[in-house]
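Structure record follows, encoded as structure tokens.
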Amino acid sequence: MGILSVTTLLTLGIGCGLLVGATFGLAKAYAVLGLLWLSTIGLPTSIGVAGVAALWGRFPPVAGMAGFCVVAAFAGLALQVLSFVAAWHGLRTWKRPIAVATWWRIAGAGAILLSLTTAGLWMTQPRPAYPADVIDGHAHLFGDSGWPPTHNMGCGLSPSQRANASYGVLSRLLGLPKSGNLDEAYIQALVTQVRGARRVIPGFRVVLLAQDSRYTAQGDPDWANSTVYVPNEHLFRVVEHYPDSFIPCPSINPQRRDSEAELAKCVAHGARVIKVHPPTQAVDPSDPRFRAFYQRCAQNGIRVMVHTGTEHSAPIASQRFGDPRLLELALSEGCTVVAAHSATRAFFDPPSEDHFRSLVDMMRSQPRLYGDTAVLGCLARWRCLPDILRSPAASARVLHGSDWPFPANALVFWNRLHPLTLLDLMAEKNLFLRDFRLKQALGLPPASFTLAADVLDVGRGATRVYGP
């Protein structure tokens, strides 16, 4: 039993190591060795974990990340024990000795088969196609010059946001300093990766998002309950400095007392889309008080991007604010609405929080409603892109978005990717290119990679000058 426990623990450790490596970029040699272990000695454990993952979150009582980890580990151990017992029983009942010559024949046949398999994989690997223009319709601008920040001036991350697991992962992923002002370090990491993507896709551009705070009932900043703040002024400064790379998407919480004045200011700076994040900003998009705000957006041709689906990367007011049915008010006032993340959930979230089908039903009757693929290449949302691809109504109406810097992870799509493509994506360190290539390899329609140009009215392959 001891060797079985060690084998299971080693398999779980190797699997976790590969997932972490695929997040940060892993050398192909290490990836090959790890995948060989998972598919041979550790195969029973791998099947147990994958089987639990396939069922998890599909039934109301079966949800939660902690529960998944426990049940998956025990399932892996159980299958490892059963496979060992079966193998041991088979060896004990095998009476005929195997001659040395037979072993050599088996080894020779294995070498030939391995050579043919390698050659076949190399010849059948699909080559990525890089169009002239690609718009990543969803990437984040963050920073932190102290908390609480100065309203309309400085960026900020609250202590609770810094304590969130996502902060540590993203800081290491981007090489950000552990303390001090993060604004410039973050911008440089962002620009470096955009430039890397533009060397491969010359017309590559990014819709860059600000992040408004929560507000009190009186419409004043509520720093006690806010977690992330990136003012629109900071966004416009960055975009004006790199106009070839970025398209501004300011963030306006409609609860702020000067929401319509802020909207006018953003229009004057050339913005064509704004972002609202109901779960983190404690906003109910269906609140009738926002009717005039939506009317102003429609009158000025401003598209409204709204977070839909579950949220796990920041403290939130309520997951119920991610229901796309709350967007009916904005649509009824003539707004073009992008349901960010396409109302999806993580695989471990309960079924009650899966609103994707509601979004698809709405799309059939709402021609101005779109979705996007932001964060849908990540570890926890491996079910979401296949769901979109199976829905003609959704796949024709989703904009490509990476949710940068939240990283895509190709390993969770292992059964949908060519093995050599999987290795390439596990080794890719540029998060923009990794996300683009993963979604292209999974079969996302080519039009989705440029759809933002039309939906957000930002033009194709053209440089706009943003400023008052």
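For the reader, a short list of remarks on this structure follows.
- Here the extension length gained between L82 and F24 equals 17.4 nm, from 0.36 nm per residue of separation less the Cα-Cα distance.
- Cα centroid separation, the range 386-410 to the range 279-335 (Å): 20
- Helix 165-174 vs. the chain, principal-axis angle (Cα, 0 to 90°, nearest 10): 90
- Averaging Cα coordinates gives a centre for the range 88-165 and one for the range 1-72; these two points are 12 Å apart.
- Taking the Cα centre of the chain as reference, the dipole from Cβ charges on Lys and Arg (+1) and Asp and Glu (-1) amounts to some 1560 debye.
- Prolate/oblate/rounded call for the range 319-436, Cα gyration tensor, a/c under 1.5 rounded: prolate
- Net charge dipole size for the range 327-391 [Lys, Arg +1 and Asp, Glu -1 on Cβ; Debye, nearest 20]: 220
- Amide H contacts of Y215: D222, each under 5 Å away and 5 or more positions distant or on a separate chain (H built 1.01 Å from N in the peptide plane; Pro and chain starts excluded).
- On Cα atoms only, tilt of 259-268 relative to the major axis of the chain in degrees: 80
- Equivalent ellipsoid semi-axes - Cα gyration tensor, the range 2-93, angstrom: 23, 21, 10
- Whole-Hz Karplus values for the range 242-251 come out as 10, x, 6, 9, 10, 10, x, 10, x, 10 Hz, taken residue by residue from phi with 6.51 cos²θ - 1.76 cosθ + 1.60 and θ = phi - 60°; glycine and proline positions read x.
- Ordering F59, G2, C266 by Cα displacement along the dipole of the chain toward the positive end leaves G2 in first place; charges were set at the Cβ atoms of Lys, Arg (+1) and Asp, Glu (-1).
- Compared with the direct C-alpha span, the chain from A268 to M123 gains 46.9 nm at full extension, assuming 0.36 nm per residue.
- Selection from P324, V360, M305 lying farthest towards where the dipole of the range 297-454 points positive, charges on Cβ: V360
- For the peptides 64-70, 52-58, 438-444, the ranking by packing is 438-444, 52-58, 64-70, with the highest mean count of neighbouring Cβ atoms within 10 Å listed first.
- The range 196-249 and the range 423-440 have Cα centres lying 24 Å from one another.
- Helix axis angle, 356-365 relative to the chain longest principal axis, alpha carbon, degrees: 50
- Shape of the range 135-455, Cα gyration tensor, a/c cut at 1.5: rounded
Each reported figure results from applying straightforward, stated rules to the coordinates on display, with no laboratory input. Note that the structure is predicted; figures quoted are calculated from it, not measured. Cβ coordinates were reconstructed from backbone atoms using ideal geometry, including for glycine residues, and neighbour counts include every protein chain displayed.
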